[in-house]
Structure formats: structure tokens, C-alpha cells
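Below you'll find the structure, written out as C-alpha cells, and then a few comments.
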Amino acid sequence: MGLTEARARERGIRVRTGTAEIPASARGWIHKAGNDGFIKLVEDAERGVLIGATSAGPAGGEVLGTLVVAVHGQVPVPHLRNMIYAYPTFHRAIEDALRSLADSTLREPSS
């Protein structure tokens, strides 16, 4: 939902991205079979808010509501990082994706 990384770059937005694999989350580990999937976050690096997110896999719909609110509400990424995500839910993968986002390099827009 929101912008993909490619669309954001086409619009001249400087982006950072973060990803997390669902099986690596606590709930993914507990769930075992059928836990495939990932979360990808796209941040407007200048404004510090998410402008897009993808949640794919059998648990994708479970976390999408949180990501929709974050993008549409323009919740600052630091606030998202400081939230307490319920344990053990697939939502914990959002926390992992945010950590990945913090470690990612800035990507300049396409020219």
C-alpha cells in the first residue's frame, strides 16, 4: 500500500527501505509451516515517515492494518520504532523491518 520504492524514486523522493522475513519473527518461528512471507517498508528519508509498505504471505493481511495507519497517518518512523508490538504476533516482523530500515543506506531518486 502507498508507494513502492520504484514509484517513490520516480517522483524524486529520497528513500530508505527496510525488509523483514516473516519466518524470522517470533511468531513465524512458532507457526512453522505456512509462515512464508515478508514485510517491506519505504520511508521518505527527508520527512522521516513511511510512504509505502508491502506485507506478503499468509500472514500479510494480519499486519497490513498497522502499516496502513502508519502510512496514511504519516506517523514518524521514530514513533513506530518506540511502539511495543504484541508478542508473539506476526506484527513483530514490523519491528524487524524498522530495524532494517534504520540500517539501510539512503537511495537517491532516479534521474
- Message: So if each residue of separation counts as 0.36 nm, and I subtract the Cα-Cα distance between H72 and D103, what length gain in nm does that give?
- Response: 8.8 nm
- Rounded to the nearest 10 Å², the 1.4 Å probe accessible area of I51 is 20 Å²
- Item | Viscosity 0.692 mPa s, 37 °C: Kirkwood-radius Stokes-Einstein D of the chain over Cα pairs, µm²/s | 237 µm²/s
- Message: What does the extension gain come out to for E46 and A24, with contour length at 0.36 nm per residue minus their alpha carbon separation?
- Response: 5.0 nm
- Task: First compute the accessible area of the stretch 1-86 with a 1.4 Å probe, then give the percent of it belonging to carbon and sulfur atoms.
- Result: 55 percent
- Message: Taking the full set of protein chains and a 1.4 angstrom probe, give the accessible area of K32 in square angstrom, rounded to the nearest 10.
- Response: 110 Å²
- Task: Provide S25, S55 ordered by accessible surface of protein heavy atoms (probe 1.4 Å), highest first.
- Result: S55, S25
- Query: Using the heavy atoms of the protein chains alone and a 1.4 angstrom probe, what is the accessible area of the chain per residue in square angstrom?
  - Reply: 54 Å²
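The values are calculated or read from the model by the stated rules, or taken from the named source; none is laboratory data. If you're wondering where the values come from, they're calculated on a predicted model, not measured in any experiment. With ligands, DNA and RNA removed, areas are computed over all heavy atoms of the protein, side chains included. Shrake-Rupley method; radii C 1.70, N 1.55, O 1.52, S 1.80 Å.
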